[in-house]
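Structure first, then comments.
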Amino acid sequence: MAIHGYMKLEGKKQKLISAGCSTKESIGNKFQAAHVDEIMVLACTHDLANLENLDKPSHSPIVITKYIDKSSPLLARALAQREEIAATVDFYRAAGEAGLVKLYSVSINGGIIAGLTLDLPHVLEEPDAEPQEHLALRYQDITWTNHLTSTSGQTFWDEKP
């Protein structure tokens, strides 16, 4: 069973960019009362690699797939102004009768929006698909936390994003 993730995103100038993103006004009937000030995450990818010709790991941007919501114009502004951001993406899993439990978090600091892609699926080929955005985030430091096992890791990127 697929379970949405949720992202809190703050800008140095705009403050809480994710404020009100999971309300009915922002995303319609998909709204989540427990996550009002977070962005609903439909997909998340992130690549780290040790390349043979480099002496440190290569960090690719974190790419978030999300609905068009209240944050969409604010994210475009943050990209255009190269606004520094911090973000935390929380991942959940089913926990029987307890509902959902927070499993894992990825937090970044010193970030910028490296890319923002609007995706309106072809309405004849995918009639039930909704408009989405793909948000690419670069960062200076990243922390991974497994909440259920109390383990974590962190790394710092030497250069500004």
List the number of the failed condition for Asp90; all other conditions in (1) closer than 16 Å to Glu10 by Cβ; (2) exposed (fewer than 14 other Cβ atoms within 10 Å of the Cβ) hold. (2)
Filtered residues of segment 104-161 (kept if out of contact with any Phe, Trp or Tyr (no Cβ under 7 Å at 6 or more places or on another chain), surrounded by 11 or more Cβ atoms within 10 Å (Cβ to Cβ) and touching a residue at least 60 places away in the same chain (Cβ under 8 Å)): Pro131, Glu133, His134, Leu135, Ala136, Leu137, Arg138, Ile142, Thr155
Selection status of Leu118, modelled with pLDDT of 95 or more, assigned to a strand (DSSP E or B) and in contact with a Gly (Cβ under 8 Å, 6 or more places away or on another chain): no
With respect to the numbered conditions (1) modelled with pLDDT under 95; (2) surrounded by 19 or more Cβ atoms within 10 Å (Cβ to Cβ), which one is the sole condition not fulfilled by Met40? (1)
Selection count, segment 121-136, where residues are under 17 Å from the mean Cα position of the chain (by Cα) and either assigned to a loop (DSSP other than H, G, I, E, B) or of a type in the set (Ser, Thr, Tyr) (or both): 1
Mind counting the residues in segment 53-85 that are within 13 Å of the chain's Cα centre (by Cα) and assigned to a strand (DSSP E or B)? 7
Subset of segment 86-103, residues more than 12 Å from the chain's Cα centre (by Cα) and touching a residue at least 60 places away in the same chain (Cβ under 8 Å), comes to Tyr92, Arg93, Ala94, Leu100
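The values are calculated or read from the model by the stated rules, or taken from the named source; none is laboratory data. Everything numeric in this text was worked out from a predicted model, so none of it was measured. Here Cβ is always computed from backbone atoms with ideal geometry, including for glycine, and neighbour counts include all displayed protein chains.
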